[in-house]
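First up is the structure itself, then whatever we jot down about it.
Each value in this text was obtained by applying a stated rule to the coordinates, not by laboratory testing. What you see is a predicted model, and the numbers here were worked out from it, not measured in a lab. All Cβ positions, even for glycine, are placed from backbone atoms using ideal geometry, and neighbour counts span all protein chains on display.
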């Protein structure tokens, strides 16, 4: 089976080898090999693992509390989607697809925050492959409701949404674009009445705008994005059925007579991808092999 994907991702994977020799089958334990079989230095590998185990996130394991504390300076910030208490550090090291080391509970499902953006942008890549969108097209041509109202927003293309240079202005699911990581200087009135950057000229990391991308992709796919991900990616690569992709309690929309949830692109206000380490690793292998899974 071969999956050819136009990859439009926020997180890029470097230093990969195309000499992939093993792809883990679905519903079977991951085949393990020793680091020595690949000529790797076991002492150096163990040091890297120990570093990962002793340098976990320093905040609360109750991620609802951690999120509220982390974004306490944002006006009107609130939890709108599910959260989950996190486990301890966990990880896998792969070589040519084989598992050569692991630590922690690699089957535990946890929140993954902005790693969700890699999954979301994969959905965008699939939309390009299927001719649903062209990244240079003006988004308002496809999403003609009020989402892209106004002279500024009507300049935004799919590419601008994907590379976080849209400077989209508005409110989505009760969250304001200007309230997401506001500047340290100025007041709420200053942030609300800022000068706009021409789309494509200024990068700004903004989760409200990522959620605009998720909503826009829902409109063109016309079915829930987790369903698209499951059918097009996760089932073909043999992922488990334990992963979930959530939106917010107020992000439900009606399409073609059916209610669907518009998912979030991270855990800023809860939601996003909840997944275990091994399913993450399968997704990573797909990208390391340029969209080709055992084909």
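A few remarks follow.
- Inter-label distance, nm, simple model (7 Å from Cα along the C-beta direction), residue 96/residue 242: 2.8
- Relative contact order of the range 106-288, defined on C-alpha pairs under 8 angstrom at six or more residues apart (%): 31
- Note on the range 107-123 and the range 253-295: Cα centroid distance 6 Å, given to the nearest whole angstrom.
- Taken along its three principal axes, the alpha carbon spread of the range 84-166 comes to 52, 32, 19 Å, from the longest extent down to the shortest.
- Look at 114, 251, 264, 187 and count the other Cβ atoms within 10 Å of each Cβ; fewest to most, that gives 187, 114, 251, 264.
- Förster radius 35 Å - calculated FRET efficiency between residue 108 and residue 78, Cβ distance, rounded to 0.05: 0.85
- Going by neighbour counts of Cβ atoms within 10 Å, the residues 37, 56, 185 line up, fewest first, as 185, 37, 56.
- Fraction of beta bridges assigned by DSSP in the chain that are antiparallel (%, nearest 5): 90
- Helix 116-129 and the longest principal axis of the Cα set of the chain meet at an angle near 80°.
- Modelled spin labels at residue 154 and residue 22, positioned 7 Å past Cα toward Cβ, are 5.8 nm from each other.
- Projecting label points 7 angstrom from Cα along Cα→Cβ for residue 32 and residue 47 puts them 2.4 nm apart.
- On the beta carbon distance between residue 134 and residue 235, with R0 = 35 Å, the FRET formula returns roughly 0.80.
- You can think of it this way: the chain between residue 250 and residue 202 has 14.3 nm of extra reach, that is 0.36 nm per residue less the Cα-Cα gap.
- Helix 42-54 and the long axis of the chain differ in direction by around 40°, with both axes built from C-alpha atoms.
- Helical content alone sets the calculated 222 nm signal of the chain at -7500 deg cm²/dmol, taking -39,500 (n - 2.57) per DSSP H segment of four or more residues and averaging over every residue.
- Length gained on full extension, residue 68 to residue 171, computed as 0.36 nm times the residue gap minus the Cα-Cα distance: 35.1 nm.
- Which of 160, 77, 27 has the fewest Cβ neighbours within 10 Å, and the rest in rising order: 27, 77, 160
- Compared with the dominant principal axis of the Cα atoms in the chain, helix 207-221 is inclined by about 90°.
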